[in-house]
Every structure is written in structure tokens, then in C-alpha cells.
1. Would you be able to tell me the number of residues in the chain that are part of a strand (DSSP E or B) and in contact with a strand residue (DSSP E or B) (Cβ under 7 Å, 6 or more places away or on another chain)?
2. Report, by residue number, each residue of the stretch 21-49 that is among the acidic types (Asp, Glu) and farther than 11 Å from Ala9 by Cβ.
Amino acid sequence: MTWEFEAVAGPCEFTEGPVRAWKRKVVFFTDIPMSLILRYDPDSGDCTG
């Protein structure tokens with residue numbers, strides 16, 4: 001299996017996650033030092049915090 005990675009946010013100091021919200025089809029992850037919870041929407045490509 002080959003994995004491909006894509007940066008969807010940044011720069012971040014230290015992240016945890018991701019957690020996928022199944023009903024909304026978005027991904028949540030955290031940037032611990034910045035005290036941020038970020039939300040990535042793969043359909044639109046938007047990443048908000």
C-alpha cells in the first residue's frame with residue numbers, strides 16, 4: 001500500500017488527531033501549543049480554526 005500525504009494547514013507547532021466527524025464529512029485536529037481546534041473540509045479544501 002502506498003500512502004500520499006497533503007498539507008491542509010500550517011504551520012502548526014504540534015498537532016493531535018485527526019478525528020473524522022462522519023455525519024459532516026469533515027476532519028478535526030488540534031494544535032496543542034496554540035490552543036486551537038481546527039476543522040478541515042475535504043470537499044471545499046477549507047481549514048478553519
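1. Residues that pass the stated criteria total 21.
2. Asp41, Asp43
Yes/no matrix, rows are residues, columns are (1) without any contact (Cβ under 8 Å) to a residue 12 or more places away in the chain; (2) exposed (fewer than 15 other Cβ atoms within 10 Å of the Cβ):
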| site | (1), (2) |
| --- | --- |
| Phe5 | yes, yes |
| Thr15 | no, no |
| Ala21 | yes, yes |
| Val27 | no, no |
| Thr30 | no, no |
| Ser35 | yes, yes |
| Asp43 | no, yes |
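No lab work stands behind these numbers, since they all come straight from the coordinates. As the structure is a computational prediction, the values presented were derived from the model and not from experiment. Every residue, glycine as well, gets a Cβ built from its backbone with ideal geometry; the counts of neighbours run over all protein chains shown.
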